[in-house]
Amino acid sequence: REDQLRKANEDLRRVNRNYMEMLGFISHDMKNALGNMLMSAYNLRDGVVGKLTQKQKIMAGFLVRSSERLQDMIKNYMDLSRIERGELESRKQIVDFEAHILCPVLGEIEGQLKSKGMRITTNIPDPYEIRADPDLLRIIMENLLTNAIKYGKDQGKMRIEATESDKDWQMSVWNEGEGIPADQFGNLFSRFIRLKTEKSKRERGSGLGLFITKEMVERQGGHIWVESKVGQWTRFSFVLPKDKG
């Protein structure tokens with residue numbers, strides 16, 4: 001009986017590994033194709049190929065928003081696949097946060113910011129060098145910023161802040177918006193969980209972004225939390241320790 005259970009567990013783990021590997025391959029191929037499609041959608045919406053009628057602008061905007069949602073879902077499935085396959089190891093090094101992390105991420109999400117008309121301000125020491133895994137940190141910031149764009153107020157404000165203490169580095173992303181009720185804080189970082197707010201009902205997603213973000217913070221020895229005032233704002237903050245590992 002025990003041997004049968006052990007074999008069944010091994011079979012399930014093998015099936016899961018194969019599934020996650022296939023998911024990673026498919027998502028990677030889709031991401032490349034979707035990137036080209038999204039760039040074309042931005043050019044169409046922005047009038048690069050010619051002036052659009054009002055109806056055409058509405059359709060182009062719909063195409064952009066749908067493509068952005070699909071891009072976000074594909075990225076999350078790729079990251080989940082890497083987590084499940086044990087490929088996300090933390091390799092820390094000294095990183096210039098603004099030059100090597102924030103600026104590249106802001107460049108990648110520029111189209112989404114433009115779609116929502118949101119304004120970003122920063123409050124970051126210069127220089128702000130931290131010891132972290134640059135790949136994991138880039139994914140953390142991209143997830144938090146795209147989350148702020150998705151659930152933030154149209155034409156609203158966003159703020160990125162960073163501080164340093166003797167023990168750790170702290171970074172946060174704040175945005176104007178409808179906020180998150182405190183009774184939903186406990187489920188925010190679980191996989192496949194989506195908020196039960198009016199904005200969340202309109203915005204589709206995988207329910208994986210914050211789960212993946214938490215995983216990548218914790219793999220570097222840190223922790224993440226949320227603060228919010230319903231009807232006004234939300235802030236996600238995380239700290240990374242100044243360890244020697």
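The values are calculated or read from the model by the stated rules, or taken from the named source; none is laboratory data. In this text, all values refer to a predicted model and were calculated from it rather than measured experimentally. Counting neighbours? That spans all protein chains shown, and the Cβs are built from the backbone with ideal geometry, glycine included.
Elements of the type strands (runs of 3 or more DSSP E) sitting completely within the stretch 66-176 and holding at least 1 residues that are under 14 Å from the mean Cα position of the chain (by Cα) and either acidic (D, E) or closer than 18 Å to E218 by Cβ (or both): these cover 168-176.
Scanning the stretch 139-185 for residues that are of a type in the set (G, A, S) and either over 21 Å from L240 (Cα atoms) or buried (at least 23 other Cβ atoms within 10 Å of the Cβ) (or both) gives A148, G152, G156, G177, G179, A182.
Within the stretch 211-227, the set of residues being aliphatic (A, V, I, L, M) and closer than 14 Å to R138 by Cα comprises I212, M216, V217. Of the residues A132, A60, the single one that is of a type in the set (G, A, S), touching a Leu at 6+ places or on another chain (Cβ under 9 Å) and modelled with pLDDT of 85 or more is A132. Filter the stretch 190-242 down to the residues that are assigned to a loop (DSSP other than H, G, I, E, B) and either among the basic types (K, R) or not assigned by TED's automatic domain parsing to the domain that holds N143 (or both), then identify the one that is modelled with the lowest pLDDT. If we take residues in the stretch 190-242 being assigned to a loop (DSSP other than H, G, I, E, B) and either among the basic types (K, R) or not assigned by TED's automatic domain parsing to the domain that holds N143 (or both), then R204 is modelled with the lowest pLDDT. Within the stretch 31-45, one or more residues are modelled with pLDDT under 70, part of a helix (DSSP H, G or I) and under 29 Å from S172 (Cβ atoms).
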